[in-house]
1. Which of (1) under 18 Å from the mean Cα position of the chain (by Cα); (2) open to solvent by 60 Å² or more (accessible area, probe 1.4 Å) does V422 not meet, given it meets every other one?
2. Restricting attention to the range 220-268, which residues are small (G, A, S) and in contact (Cβ under 8 Å) with a residue 60 or more places away in the chain?
3. Within the range 209-222, can you find the residues that are open to solvent by less than 20 Å² (accessible area, probe 1.4 Å), out of contact with any Gly (no Cβ under 7 Å at 6 or more places or on another chain) and of a type outside the set (A, V, I, L, M, F, W, C)?
4. If you go through the range 259-289 one residue at a time, how many are surrounded by fewer than 19 Cβ atoms within 10 Å (Cβ to Cβ) and either of a type in the set (K, R) or assigned to a helix (DSSP H, G or I) (or both)?
5. Can you tell me which residue is surrounded by the most Cβ atoms within 10 Å (Cβ to Cβ) among those in the range 306-320 that are in contact with a Lys or Arg (Cβ under 9 Å, 6 or more places away or on another chain) and under 18 Å from D350 (Cα atoms)?
6. Inspect all residues belonging to the range 448-463 and state whether any of them is crowded, with 17+ Cβ neighbours inside 10 Å and touching a Lys or Arg at 6+ places or on another chain (Cβ under 6 Å).
7. Tell me which residues, restricted to the range 166-182, are part of a loop (DSSP other than H, G, I, E, B) and open to solvent by 30 Å² or more (accessible area, probe 1.4 Å).
8. Return the total of residues in the range 143-165 being in a strand (DSSP E or B) and either open to solvent by less than 30 Å² (accessible area, probe 1.4 Å) or without any contact (Cβ under 8 Å) to a residue 60 or more places away in the chain (or both).
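The values are calculated or read from the model by the stated rules, or taken from the named source; none is laboratory data. These figures come from a predicted structure and were not determined experimentally. Cβ atoms come from the backbone with ideal geometry, glycine included; neighbour counts cover every protein chain shown. Surface accessibility is based on the protein's heavy atoms, side chains included, excluding ligands, DNA and RNA. Shrake-Rupley method; radii C 1.70, N 1.55, O 1.52, S 1.80 Å.
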Amino acid sequence: MVVLKRRVPMHSLRYFLSMVGLFSKPRLLPWYARNPPGWSKLFLGTVRKGDFTHVIATKYQKGQKSQKKPSHLGPLDGSWQERLADVVTPLWRLSYEEQLKVKFEAQKKILQRLESYIQMLSGVDVTMAVPKSERLSCLLHPIIPSPVISGYRNKSTFSVNRGPDGNPKTVGYYLGTWRDGNIVCVQSNHLKNIPEKHSQVAQYYEVFLRQSPMEPCLVFHEGGHWRELIVRTNSQGHTMAIITFHPQELSQEELHGQKEIVKEFFIKGPGAACDLTSLYFQESTMTRCSHQQSPFELLFGEPYIFEELLSLKIRISPDAFFQINTAGAEMLYRTVGELAGVNSDTILLDICCGTGVIGLSLAQHTSQVLGIELVEQAVEDARWTAAFNGITNSEFHTGRAEKILPGLLKSKEDGQSIVAVVNPARAGLHYKVVQAIRNCRAIHRLVFVSCKLHGETTRNVIELCCPPNPAKKLLGENDCQQNSPAIFIRQIRGR
């Protein structure tokens, strides 16, 4: 995690956390179009070389004389399994200790550039922004290793497409791109981060597809039905499977028949070996559908899986967000709690709260927990978790944060201290959310959790740290003209 604290008065940004730091294509960067003087050499030149972590990893591997990774997709570039591992887990050839070193250096370089850019916005000479040495003017904590580094994922999404042998009923992960027309679906049971149970369910789903007369849906307008598989597990070994199906022109009677066939396969057929706790079926005519757009239909088993975390029993619906690495999530949430610094007079505002675990884990130390989440099922889970665990000072709101937050903050500006925690999706925070946070004097501290520091998240960091800008309705006092930002970094890593 990366934690950024600005030396600003109490109502401005205090903390930023990020679990991964990667850069995207240059035109996704928020300042690319403006291209400020002196900045391209400082920042964009490195970004143009490709994924920032991959660049550092390659340099590190050369220095360690490690085995080189294939650089492009082709029939002679090692095995399909190796190439898939290079895409999904790009540092797999390194020991875990070496992986942490690579990630640490990646975060360090990211922060050097962000620090310099924010200084430039504050009026500091950009040519002096990055010191010749690699020292940071902020505090970079050592990475916190993950307690579990193999098979740690509690959720995996498997695609269906043509495999290396051309069979369109192959279940796995993609290599190649749709743009280049070279998509290949490769079985993923060799990947270090995928649990055996997930691979087992994927293998049996592939067995089912290959005996089904129904074709897979590879491209929507070309027909076909069977689509992706999602597998969720908990630490108790319970397994939920979700099968996505494109109905095309099938009648309700025909759809019912297919549901019964796949249900029979996993209850009494070969798929019974998976010992599923529950099986869901979702009809979907889009790439991704929420429960509200197309309900998840329970074919058999328990409607939820449950997890034990930070002394809480947590309910998880098929559509709800929950951190991928459960053991790592516990360390993440403990760190968030340390950084939040809440007390009995504090309101904890949990933005993009998912199943509400961060807020609920700190509820006993605060006066009130307010959660905002887009996914209705996740909010229902959060409310259930609060009730089951006897938490009475929490309140969860369903909807878009940019619509709910401004009014919610306005109603709470009565002198009571607010600590905000944001954990947005990869698209980052909506601009109106950033405005609401910047302009709320009651927010004394902000903890920002992000899975990767690039694209929209990078824009969020700059908007939250930059000097006041009335034209953009970004208020909040700022003294960065004299003081460079102070950045505290906490990182938790799996493979």
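1. Failing condition for V422: (2).
2. We begin by selecting, within the range 220-268, every residue small (G, A, S); these are 223-224, 235, 237, 241, 251, 257.
Of everything in the range 220-268, just one residue is small (G, A, S) and in contact (Cβ under 8 Å) with a residue 60 or more places away in the chain, namely S235.
3. Just the residues of the range 209-222 that are open to solvent by less than 20 Å² (accessible area, probe 1.4 Å), to begin with: 209, 212, 216-217.
When the remaining residues are screened for being out of contact with any Gly (no Cβ under 7 Å at 6 or more places or on another chain), the result is 209, 212.
Once the filter is applied, which keeps residues that are open to solvent by less than 20 Å² (accessible area, probe 1.4 Å), out of contact with any Gly (no Cβ under 7 Å at 6 or more places or on another chain) and of a type outside the set (A, V, I, L, M, F, W, C), the range 209-222 yields only S212.
4. Here the count works out to 11.
5. I316
6. No, there is no match, as no residue in the range 448-463 is crowded, with 17+ Cβ neighbours inside 10 Å and touching a Lys or Arg at 6+ places or on another chain (Cβ under 6 Å).
7. Here is the first cut: in the range 166-182, the residues part of a loop (DSSP other than H, G, I, E, B) are 166-169, 176-182.
Hits for the range 166-182 are G166, N167, P168, G176, T177, W178, R179, D180, G181, N182.
8. Initial filter on the range 143-165 (in a strand (DSSP E or B)): 143-145, 153, 155-161.
Of the ones still in play, those that are also either open to solvent by less than 30 Å² (accessible area, probe 1.4 Å) or without any contact (Cβ under 8 Å) to a residue 60 or more places away in the chain (or both) are 143, 156, 158-161.
Selection size over the range 143-165: 6.
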